[in-house]
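Report on the structure given below.
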Amino acid sequence: MAGVACAVLVWRLSGSKPAPAEFYAYSASGRSLPNLWVAPPFSYVDQQGTVVTNATLRGRPWIADFIFTECTSACPMMTSRMVLIQHALAGLDVQFVSFSVDPRHDTPSVLATYARTWNRAETRWTLLSTDARRLPDTLAGFRVTAERTKDPTNPIVHSSVFLLVDPDGRVRGVYDSSDDAARSRLGTDARRLADQEALHAGQEAEADDLYASLGCTGCHANPQVAPLLDDLSGAQVKLQDGTTVTADDAYLRRSIVDPAAQLVAGYSPLMPSYAAELSETQLAELVREVDARRSASAAPGSPDEPARLVTDPVCHMTVRVGPDTPLATDHGREVYFCSDRCRDSFVANPFKFTKSAVSPP
Ligand code: HEC
């Protein structure tokens, strides 16, 4: 997939095992899902500080992936799809398990922030803080890979598959996360394992906050990954093909259902299409929400001083600068934060965050 540099689909083929394409074929067939192999034992701490093991996950199907929070290309692509699956399986007794492949950086509290940014309402999502000593065995047991590189913008290259594990801990399917058809098969297969209909229409219930619950902020709060949307409505947008368009409602709508059709200049095609996930009413609501983000920032207290939006370099949230915004100076530049907590983390170790800092001029 063009533009996704930080991860490649790596698959360890061991002699007698069928190739991934065959797994997909199995999963696609109407027959029962194949028993691929037994998921390995593991024991890690989740984003709430609770120990999670393969044994505690028994009793319900779960979907696993392997990510790290500082990744700005493949992981936003994968996590946005993870959130879409969470939506598609709203109300089902299915667990979602994201293993961090960056034990050095991804502590439980970093993972908690990540989960909040992407889908703060999701209670079935477990993000595991791994440790460097045991991670290689876990990866081998899931037949995925993660390797450090010397490239600071792509520090870890890792597998980008989703795995479906049944209530008895057996892997029943492997799915290419960048393939929409594979993702919808995963939804069908997981539903079949959960053997239960959705208990409620979760998506409609969240209709008043689609923007947050669909994980839009996961990418759009970090200008390194996706354009900030706050001042978008009505603005002129420069596209990859050199043309310029006005961001009216029709453009916003197209951007959401067919994002690849009009790529914004300077960005990669990471965004999934939300066409299949949204009803017409929800789509209209989402366009209104993107519009409203503009009204919020375009109507600050003093009209002659436009709102200044910056990105908190610690948690990557968008921050509107006001008189009370937590602030630090770094090499003479002002850096703003969403909270004192983020400022304190920054001040304690500025070097760690300055790589991705977005500072006002
Ligand atoms: C995986 C990361 C990702 C997620 C999740 C994501 N987007 Fe995007 N989005 C992008 C990127 C990258 C671009 C710029 C490239 C392009 O045009 O596709 C973009 C472009 C856009 C644009 C056009 C922006 C402009 O400046 O013209 C809109 C509108 C938009 N997204 C809305 C949304 C909404 C609403 C959601 C949630 C339903 C969402 N996006 C989720 C990555 C993402």
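The values are calculated or read from the model by the stated rules, or taken from the named source; none is laboratory data. Treat the numbers as computed from the prediction; the structure is a model and nothing was measured. With ideal geometry, Cβ positions are generated from the backbone for all residues, glycine too; neighbour counts draw on all protein chains shown. Side chains are part of the model used for accessible areas, which takes the heavy atoms of the whole protein and leaves out ligands, DNA and RNA. Shrake-Rupley method; radii C 1.70, N 1.55, O 1.52, S 1.80 Å.
Couple of notes before you dig in:
- Here, the stretch 20-195 has an Rg and a Dmax of 15.0, 45 Å when only alpha carbons are counted.
- Normalised Debye scattering of the stretch 50-122 at q = 0.14, 0.16, 0.20 Å⁻¹ gives log10 I(q)/I(0) of -0.45, -0.60, -0.95, counting only Cα atoms as equal scatterers and leaving out solvent.
- Taking a quarter of the surface of the Cα convex hull of the stretch 220-284 gives a mean projected area of 4.4 nm².
- Residue-wise HN-Hα couplings along the stretch 247-261, as the Karplus relation 6.51 cos²θ - 1.76 cosθ + 1.60 with θ = phi - 60° gives them from phi, are 7, 8, 4, 5, 5, 4, 4, 4, 4, 8, 8, 9, x, 6, 5 Hz; Gly and Pro carry x.
- Protection proxy ranking of 135-143, 241-249 - average other beta-carbon atoms within 10 Å, highest first: 135-143, 241-249
- Ligands, DNA and RNA left out, the 1.4 Å accessible surface of the stretch 20-195 is 50% carbon and sulfur atoms.
- Based on protein heavy atoms only, the stretch 222-298 ends up with 49 Å² per residue of surface accessible to a 1.4 Å probe.
- Fraction of antiparallel bridges per DSSP, the stretch 20-195 only, in percent to nearest 5: 65 percent
- Sequence-distant residues sharing a close amide H with Val52 (under 5 Å, placed H): Tyr44, Val45, Asp46
- Solvent-accessible area, 1.4 Å probe, carbon plus sulfur percent, for the stretch 222-298: 54 percent
- A simple charge model with +1 on the Cβ of Lys and Arg, -1 on the Cβ of Asp and Glu and nothing else charged puts the dipole of the stretch 309-354 at about 100 debye relative to its Cα centre.
- Trypsin sites (Lys or Arg not before Pro) within the stretch 26-89: DSSP coil, no more than 10 neighbouring Cβ in 10 Å: Arg31
- The residue list Val257, Leu228, Thr281 was ranked by how far each Cα lies along the charge dipole of the stretch 222-298 toward its positive end, using unit charges on Cβ atoms, and Leu228 comes out on top.
- Separation of alpha-carbon centers, the stretch 53-99 and the stretch 215-280, rounded to whole Å: 24 Å
- Accessible area of the stretch 309-354 belonging to carbon and sulfur atoms, whole % at 1.4 Å probe: 52 percent
- Using a probe of 1.4 angstrom and keeping all protein chains present, the accessible surface of the stretch 309-354 works out to 57 square angstrom per residue.
- Cα convex hull of the stretch 309-354, projected area averaged across orientations, nm²: 2.9 nm²
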